[in-house]
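Chemist: Before I ask anything, here is the structure I am working with.
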Amino acid sequence: MTTDVVIVGVGGMGREVYRVICLLNTPEPDQPRWRVLGFVDDYPTEPDVALVHRLGVPFLGSTRRLGGLPPSTRVALGVGRPRLRRETAEAIARYGLPAATVIHPDAEIGADCVVGAGLFAAGGARVTTNVVLGRHVHLNQNCTVGHDAVLGDYVSVNPLAAVSGHCRLADGVMVGTTAAVLPRLAVGRDAVVGAGACVTRDVPAGVVVTGVPARPTPPSVPDARPVVMAAHGRQDEVDHPA
Ligand SMILES: CC(C)(COP(=O)(O)OP(=O)(O)OC[C@H]1O[C@@H](n2cnc3c(N)ncnc32)[C@H](O)[C@@H]1OP(=O)(O)O)[C@@H](O)C(=O)NCCC(=O)NCCS
């Protein structure tokens with residue numbers, strides 16, 4: 001059966017999601033698993049839209065285009081940053097479209113794992129046994145998640161990062177590229193583990209840690225994300241031609 005899907009986000013993550021969907025379609029080109037209707041994005045950049053067109057896929061416009069699609073149409077969130085992914089999911093919830101779960105053929109999710117809707121697992125992601133993944137979790141290339149770990153909603157584990165057994169990552173946590181979280185540790189809501197860090201103690205909510213061993217790092221510049229949130233608040237004023 002072929003399922004229609006729209007990818008939210010024309011940036012790199014959205015286009016990576018598209019690539020995995022193409023791979024999933026490859027074994028049965030006559031009866032593809034997914035039919036990509038196009039990309040939507042409320043704040044696209046011209047270069048990203050050009051790259052989408054280069055892939056031969058339509059850019060449909062803003063997320064308002066999700067309104068009016070058949071209710072069976074799935075939505076794949078190609079938004080890398082956990083907080084922005086959460087905001088995006090909340091903003092499009094009014095359209096009531098189900099989330100697409102996209103798992104690369106070379107990703108491995110243990111049969112006894114619990115997987116929330118909207119999982120994106122890139123090539124080489126490995127999740128072993130008795131792991132719980134919340135909604136819209138992103139597991140990037142070649143990351144690992146060990147036994148009995150629990151990852152909340154909108155968690156991102158970036159390329160080559162290792163989340164050890166029995167870890168608990170709360171909603172919105174980002175584990176940076178090549179970072180490690182040692183066994184049985186807890187990382188609080190919306191915390192960020194910097195690239196290359198080694199987490200040896202629990203991390204409180206909202207804190208950025210870097211280094212080996214990982215220690216809290218004050219933000220170097222004022223966080224730009226509230227601007228994005230404000231922009232989402234104005235999204236009814238912003239639209240893009242189809
Ligand atoms: C930790 C992090 C969140 C900090 O972001 P930021 O606040 O924008 O930090 P900046 O880039 O402005 O750097 C601020 C300082 O921290 C240092 N720094 C940045 N990231 C660091 C890291 N991961 N480890 C150690 N030091 C780091 C910088 O060298 C800089 O130091 P300086 O002031 O002495 O020059 C970010 O650098 C990071 O590691 N993000 C993970 C990204 C990732 O995994 N992306 C993969 C996508 S697939």
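The values are calculated or read from the model by the stated rules, or taken from the named source; none is laboratory data. On a predicted model such as this, the values are computed, not experimentally measured, just so you know. Glycine gets a Cβ as well: all are built from the backbone with ideal geometry, and neighbour counts include every protein chain shown.
Chemist: Please list, ordered by residue number, the strands (runs of 3 or more DSSP E) wholly in the range 1-109 having 1 or more residues that are within 16 Å of the ligand (Cβ to nearest atom).
Modeler: Output list reads 74-77.
Chemist: Could you go through the range 18-27 and let me know if any residue there is over 17 Å from ALA122 (Cα atoms) and surrounded by fewer than 18 Cβ atoms within 10 Å (Cβ to Cβ).
Modeler: Checked against the condition, which is being over 17 Å from ALA122 (Cα atoms) and surrounded by fewer than 18 Cβ atoms within 10 Å (Cβ to Cβ), the range 18-27 yields at least one hit.
Chemist: Here's another thing I want to ask about it. Taking the options LEU182, LEU160, name whichever one is at pLDDT 95 or above and away from the ligand (no atom under 13 Å from the Cβ).
Modeler: It is LEU182.
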